[in-house]
Each structure stands twice: as structure tokens, then as C-alpha cells.
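The values are calculated or read from the model by the stated rules, or taken from the named source; none is laboratory data. Because the structure is predicted, anything quoted here is derived from the model rather than measured. As a convention, Cβ positions derive from the backbone with ideal geometry for all residues, glycine included, and neighbour counts pool all protein chains shown. Heads up: the accessible areas ignore ligands, DNA and RNA and are worked out on the full protein's heavy atoms, side chains in. Shrake-Rupley method; radii C 1.70, N 1.55, O 1.52, S 1.80 Å.
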Amino acid sequence: MVPHLVTALTGPLLDLEKKILAATPAIERWFRMEWQEHTPPFYCSVDLRNAGYKLAPVDTNLFPGGFHNLATEMLPLSVQAAMAAIDKYCPDARNLLMVPELHNTTPQYLQNVARLMQIFRQTGLHVRLGSWSPEITQPTPLALPDGNMLVIEPLVRLNNGRRLGLKDFDPCTILLNNDLSDGIPDILQNIHEQSLLPPLHAGWALRRKSNHYAAYDEVVKKFGKMIDVDPWMLNPFHAKCSDVNFQEGEGEDALAASVDVLLAKIRKKYKEYGIKEKPFVIVKPDAGTYGTGIMTVRDASEVRDLSGKQRDKMSIVKDGKVVTDVIIQEGVPTFESIKDAVAEPVVYMIDRYVVGGFYRVHAERGVDQNLNAPGSQYVPLAFAQQHAVPDLKAKPGTAAPNRFYVYGVVARLALLAASLEMERTDPNPEVY
């Protein structure tokens, strides 16, 4: 399904699509060489924005929670990619322990957990669920919408505390599907005999978006040079601002100044490309997820004139964490829509392989707003139409496989940036 694209056949994005398609062999070889030097994150999802004049990743999630939204035709591809991923860490793996979110027992999230279990079972692994929640003291059933059950059990340390598992289950690999927003629990510390995937520093207790986008700047500069495009076409400008206290109004002048500088940079680019839109930026926490604490800003004065309600919204994110560091990111409007509702593509990867994706659709949000919010819906992308094999004979801008191939390329650029980010922020390089 290709959503309605206002800018399908005009503008710089069409030129970008042409250049990427023409350079496909060089691009695939380049990725292959990069993956010889760097290890991709175990799994990853990337939110993209297609503005017609640029296509950029706006969020990279290392604990993706929407596998149930992928088309079922993509399952075999997911299973193959999962096999490749597991082989790297534990070729003779038999048992996989999965640690999901503690407090997210919505039907949607549990369907994601069930789909992940299905994928890993089909790779030949025994998969069970564990939790460090004090409420889970014995095997606890969780109902799925289709009437089936998941069972979650209390985590325990085994083998004199050297390994992590369940009462009668010693896994080779531990898969985290919990972003550690509320910190790293003791039970996950000092695990050296098993592979913990992703590693602890991928969680929001330690991870920072500014590190990711610094790595992405480097990746996209190299890529832009290779295919002869302006890296800005694939990259949102960004800046970091620290020591902000929204409740007390501290650090707001520095934040407003940063917003001003970034808006001026965007205006310059808009002028260069003849873009008539009014630029905007997104201010969001440097750590954290779930679409909380985010605001759209068109003028620096808006940062100084926040209402009490806006201050409350920006101050606290998931798990009651207080925000002090924010990232200011160039706003990339989306010009994709499905039945008049605003849409953005989300691409899913396991290891270095694109395994599918979906459109996040929100009928009540604008083209310049965050769509990861209550009320969003999901439409599987047509990745089943062989996204990896572009149709080079098709008229530019018209073929679904081409559009999705380009999405997959940009998502993999963000994946490569996440790989660099993980290497550079690893507190114990010799342990992992």
C-alpha cells in the first residue's frame, strides 16, 4: 500500500530517489564494508519523515515495540535475520530469555512480545519471559487479545550469581525489550557469561539522542559524498541544550538562543532550495521515548512564554524522570497521508537486515507534530513487495518497491549511526 504522496513526482526528493537507485550496487557494497568494521544493534526501528524536499530519520529506537504491526508476510525474513543475529553471539544457543517492559501490559505491547517470541522460536530457540518487578513472584499469566496467554516469571541469578535466568531455565542469551528508562536494576548488573542484547548502555538510563545524531552526522556525510547529494537532504540539523529546568524557567534563554541559531540555519537551507514552508524545530528530552515531553517551536519566543501546562508537560517524561537536557531537532514535516490522516514510515531491522515496517498514522495530528501519541494507528508497509529489489525500469517517483528501498537505505544509515554510537559510549568495551 502506497499512501497518498503530495510530492510524489516533483522536487528534490525525486532526484534523491534517482541517485540512490542509480547507486544501488555501490550503496550495498558500502554497507557490506561498514558491517565488517562495526556490529549492528541486535534490533532497531527508525521513524522517518518524508517532507518531499528531504527524507530524514527523526528517531532511532533500540528497543522496538511494534513487531506485531509488521505484515505477516515478513515473518520468514524476520526469522532469517534473527538467526543471523543470534549466530553472532551464541551459535549453539538453545535458550533465549526475553525481558519485556514491566508496566506496559497493554494488548498492543503484549502482541509485540508474542510476535518476537514467535520469531525466535522459529529460529529453534526455547523462549521464556522474565521480569525483575517485585510484583512478579511466581509464573504469572498475561492474556493476549486472541485468547492465548503469555507467562512471565521472576528473574533469578544462577550459578552463584554469575548468570541470569529463571528458576529452571538457564539461557545463553538475554534479549531486553525494556528501554531501562527507570534505571538499570541490580539483577542486570555484572552479567559476563551471557550475551545481554542490546547492552545496558543502549537503554535510556545511559543513552543520549545527541550522541546518536553526532554519529549520524558522520555517517550521512560519508554517504552523501559517495552518491553526490547534500547530506542535509537526509539529515535534520540538531543541537543539544543542557541544564534546563522548565518548572523554574532556568536555562530558557540559552535554549531560546539555540532555537534561534537552528532556525536561522534551516532558513538558509530553505532559501537555497526554494522551499516556501515556515521552518520549525522540535524540542524533546535528550533521553527517553514514548513521545512524551515534546514540543513544536516556530519562534524562540515560544520557549520563553510557556504556559504552566506546557511546563509540566516538558518537565517530566516516562517513569517520572525530570528533564534537564534537551535536544533541538530540525522539524521535518510529513507530506504522506492515508485517507487524509497524517502518516510517517517506521522501518524495522533485525541485525543489518530490513525486516519490514509500517506507517504510523494519526488523524488528529498536523504535518509538523509528533505522531507517536495516543490515538495513532498502524498500517503495514508494502515491504512484502520485495523492498530490497528496486524496480529500475519504473518511472521515477511512482514505484512502491523504489520508495521503500530508499526508506530502507535511510533507516540503515541510522542503524549504522547507532552502531557507532554504541561503540563510542560503551563504558566497558572489553566486557561486551
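Data for the structure
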{"item": "Cα-centred dipole magnitude for the chain, charges only on beta-carbon of K, R (+1) and D, E (-1), debye, nearest 20", "result": "1000 debye"}
{"item": "Nearest 10 degrees, 0 to 90: helix 12-22 Cα axis against the chain principal axis", "result": "60 degrees"}
{"item": "Amide hydrogen neighbours beyond the local backbone of Val354, cut-off 5 Å, H modeled", "result": "none"}
{"item": "Evaluated at q = 0.07 Å⁻¹: base-10 log I(q)/I(0), Debye formula over Cα of the chain", "result": "-0.34"}
{"item": "Gaussian network model of the chain, springs between alpha carbon atoms under 10 Å - residue of Gly251, Gly130, Gly274 with greatest fluctuation", "result": "Gly274"}
{"item": "Calculated over segment 236-275: convex hull of Cα atoms, volume per residue (Å³)", "result": "65 Å³"}
{"item": "Alpha carbon convex hull of segment 173-244, projected area averaged over orientations, nm²", "result": "7.3 nm²"}
{"item": "Packing-based ranking, highest mean first, of 65-73, 296-304 given that Cβ atoms within 10 Å are counted", "result": "65-73, 296-304"}
{"item": "Interchain or long-range residues, amide H under 5 Å from Leu176's placed H", "result": "Val99, Leu197"}
{"item": "Net charge dipole size for segment 110-163 [Lys, Arg +1 and Asp, Glu -1 on Cβ; Debye, nearest 20]", "result": "340 debye"}
{"item": "Rel. contact order, % - alpha carbon contacts under 8 angstrom, at least six apart, the chain", "result": "23 percent"}
{"item": "Computed [θ] at 222 nm, helices only, for the chain once each DSSP H run of length n ≥ 4 contributes -39500 (n - 2.57)", "result": "-10000 deg cm²/dmol"}
{"item": "Farthest toward positive dipole pole in the chain [+1 Lys/Arg, -1 Asp/Glu at C-beta], among Leu175, Gly52, Gln118", "result": "Gly52"}
{"item": "Contact order normalised by residue count of segment 94-234, Cα under 8 Å, 6+ apart, percent", "result": "21 percent"}
{"item": "Whole-angstrom gap from segment 60-131 to segment 182-253, using each part's C-alpha centre", "result": "24 Å"}
{"item": "In degrees, nearest ten, helix 400-425 long axis to first principal axis of the chain (Cα)", "result": "60 degrees"}
{"item": "Accessible solvent surface per residue of the chain, calculated while the other protein chains remain in place, 1.4 angstrom probe, Å²", "result": "43 Å²"}
{"item": "In degrees, nearest ten, helix 252-273 long axis to first principal axis of the chain (Cα)", "result": "60 degrees"}
{"item": "Apportionment of accessible area to carbon and sulfur, the chain, percent (1.4 Å)", "result": "51 percent"}
{"item": "Cα principal axis extents for segment 193-291, largest first, Å", "result": "55, 45, 20"}
{"item": "Rg to Rh, two decimals, where segment 89-209 supplies the alpha carbon set and Rh follows Kirkwood", "result": "0.94"}
{"item": "Taking the C-alpha atoms of segment 19-123, convex hull volume expressed per residue in Å³", "result": "155 Å³"}
{"item": "Interchain or long-range residues, amide H under 5 Å from Ser376's placed H", "result": "none"}
